[in-house]
C-alpha cells in the first residue's frame, strides 16, 4: 500500500498550481511510483473534486491500473509538463484561505462554503442596465480577466475571495460575474453567508455577454487565450449550479 497524496490520483495527478507545485517534480514523483509492483494499492489524498482535471470518483486504485489506464502515466516528460500547465481548472472558491489554514499558517475555517442560499440571478440585459453604484465582481482567474472582461468589472478571483473580503462593499449592490455563471453563483452564496445581502449572480456570465456582441475591455497585457478551463467542480464537495 502507498499513500500518494497529490502525486498520483485515480486517473490523474495533482494540479501544479497549489502550494507551489512544480510539473517537472510531479513527473519525477510519478515515475518513481510507477516503478512499484502492479499489485501495490494506491490511496490518494483526494478522490473527487477540483484537485485534478480527470479524477475518478473511486477512493483508491493500484499501480498496475494507473500504469495501464492513466493517460498521464504514459507520457514523456515534455508532454506531461505541457499537459499539466495547459487547461488547468480555475482555482476553487477560497482556495488561498483554505490552503493557508491546512498548512497551519492561518485560521480561516470560516472560508468554507457551508450554506446554500438561493441567489437571485440576472441576465446580461440587467447587467448592462445595472445601477450606477453597483459593484461588478469578476471572480474568474486573472488571465481570463485580462483576455476580456465586462467594462467596469473588478477582478477578484474566487480563490482569493475570503482573503480579500474587505474589498467587497456592503453598502451597495454587488454583482458576481464569471465565465458561464457557475463560479459566480457559488461566490455569491459565500458572500451571502458572510453577510453581503445585496448580491446577485449573472446567468450565462461573460460568455453570454460576449455572445451578445457586447464590448469587452482587456488588461494591459492582453493574452490571446487563457489556459484556464471550466470545471464541473466549483469547490470541494459541491456540484455545479446551472450549465
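The single condition from (1) over 30 Å from residue 166 (Cα atoms); (2) modelled with pLDDT of 80 or more that residue 92 fails is (1).
Screening the range 172-182 for residues that are at pLDDT 95 or above and either part of a helix (DSSP H, G or I) or over 20 Å from the mean Cα position of the chain (by Cα) (or both) and picking the one that is surrounded by the most Cβ atoms within 10 Å (Cβ to Cβ) gives 174.
Within the range 1-11, being at pLDDT 85 or above, in a strand (DSSP E or B) and crowded, with 20+ Cβ neighbours inside 10 Å holds for one residue alone: 9. Please indicate, with yes or no, whether at least one residue in the range 224-232 is assigned to a strand (DSSP E or B), surrounded by 18 or more Cβ atoms within 10 Å (Cβ to Cβ) and modelled with pLDDT under 95. Yes: one or more hits. Residues that are assigned by TED's automatic domain parsing to the domain that holds residue 194 and surrounded by fewer than 20 Cβ atoms within 10 Å (Cβ to Cβ) number at least 3 in the following helices (runs of 4 or more DSSP H) confined to the range 74-162: 95-103, 124-128, 142-147. For the range 119-131, the criterion of being without any contact (Cβ under 8 Å) to a residue 60 or more places away in the chain and within 21 Å of the chain's Cα centre (by Cα) is met by none of the residues.
The values are calculated or read from the model by the stated rules, or taken from the named source; none is laboratory data. Note that the structure is predicted; figures quoted are calculated from it, not measured. With ideal geometry, Cβ positions are generated from the backbone for all residues, glycine too; neighbour counts draw on all protein chains shown.
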